[in-house]
Amino acid sequence: MTSPVRFLAVDELYATQRAMTATQLAEISGASPSAMSYHLRELERHGIVRRSSDAGDGRGRPWRACADDYVIKASDDADSQGHVSLIDSHMRPMQQRMIGVLNERAAQTPDHRQDDPYRVLVMESLTLTDQEIRDLGGELDSLLERYAQISRHRRNGGPAASRVEVLWSVVPKDPRTAFQQLTSTDK
């Protein structure tokens, strides 16, 4: 599932838990309705989305998420290019949203910027034991799950709220490796 169009469809269907047609999803993604229909059929084949029992046929037939949420935790696939595509399909849209927030902030007065609730990028370099890394992951998982439950309850109405994207990652940091990777791509 490395296609950005598929990720967008999955993210939208799972986040909203609404039935949506290929045409509606195509409007969001910029893909054609026929291309979106193809991607939805492929996702259905893998059990990620399903056709809704709501009326409709062809492109007018609604699609639904097969579950309340999804998580990509690990991969047994050793395909590095596939992993790059998978990460890019999530990071590029996130990067565009981050740039959008920064551009909006640049246009605001300094006092208005202080009221902005968004965190564009938070990075911290930590020195932790393997157990502390597991504990950190568990605490972050618990915190995100608490807010995911709040979000799921809010899908059916409630106070005015904004959809936000949350991304976190805990990966080993070796400055020499990062420098080598950066300089090898610059050649």
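The values are calculated or read from the model by the stated rules, or taken from the named source; none is laboratory data. Quick caveat, the model's predicted, so the values are computed rather than measured. With ideal geometry, Cβ positions are generated from the backbone for all residues, glycine too; neighbour counts draw on all protein chains shown.
Could you please give the count of residues in region 91-112 that are of a type outside the set (A, V, I, L, M, F, W, C) and either under 30 Å from ALA67 (Cα atoms) or surrounded by 12 or more Cβ atoms within 10 Å (Cβ to Cβ) (or both)?
First, the residues of region 91-112 that are of a type outside the set (A, V, I, L, M, F, W, C): 92-93, 95-97, 100, 103-105, 108-112.
Keeping just the survivors that are either under 30 Å from ALA67 (Cα atoms) or surrounded by 12 or more Cβ atoms within 10 Å (Cβ to Cβ) (or both) gives 92-93, 95-97, 104-105, 108.
Here the count works out to 8.
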Looking only at region 13-27, count how many residues are in contact with a helix residue (DSSP H, G or I) (Cβ under 6 Å, 6 or more places away or on another chain) and either within 16 Å of SER52 (Cβ to Cβ) or surrounded by fewer than 19 Cβ atoms within 10 Å (Cβ to Cβ) (or both).
-> 4
All but one of (1) assigned to a helix (DSSP H, G or I); (2) under 18 Å from LEU167 (Cα atoms); (3) of a type outside the set (D, E, K, R) hold for VAL120; which doesn't?
-> (1)
Looking only at region 123-131, decide whether some residue is in a helix (DSSP H, G or I) and surrounded by 10 or more Cβ atoms within 10 Å (Cβ to Cβ).
-> no
Cross-chain or 6+ apart pairs with Cβ under 6 Å, region 145-156 first and closer than 15 Å to TYR14 by Cα, then surrounded by 11 or more Cβ atoms within 10 Å (Cβ to Cβ) = ARG155/GLN17
Examine region 94-103 for a residue that is over 21 Å from GLU12 (Cβ atoms), part of a loop (DSSP other than H, G, I, E, B) and of a type outside the set (Ser, Thr, Tyr), and state whether such a residue exists.
-> no
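Do we have GLY137 as outside the structural domain of SER169 (by TED's automatic domain parsing), in a helix (DSSP H, G or I) and surrounded by 10 or more Cβ atoms within 10 Å (Cβ to Cβ) here?
Against the criterion (outside the structural domain of SER169 (by TED's automatic domain parsing), in a helix (DSSP H, G or I) and surrounded by 10 or more Cβ atoms within 10 Å (Cβ to Cβ)), GLY137 does not qualify.
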Does GLY56 qualify as being at positive phi, at pLDDT 85 or above and part of a loop (DSSP other than H, G, I, E, B)?
-> no
What are the residues in region 154-169 that are outside any loop (DSSP other than H, G, I, E, B) and surrounded by fewer than 10 Cβ atoms within 10 Å (Cβ to Cβ), if any?
-> none
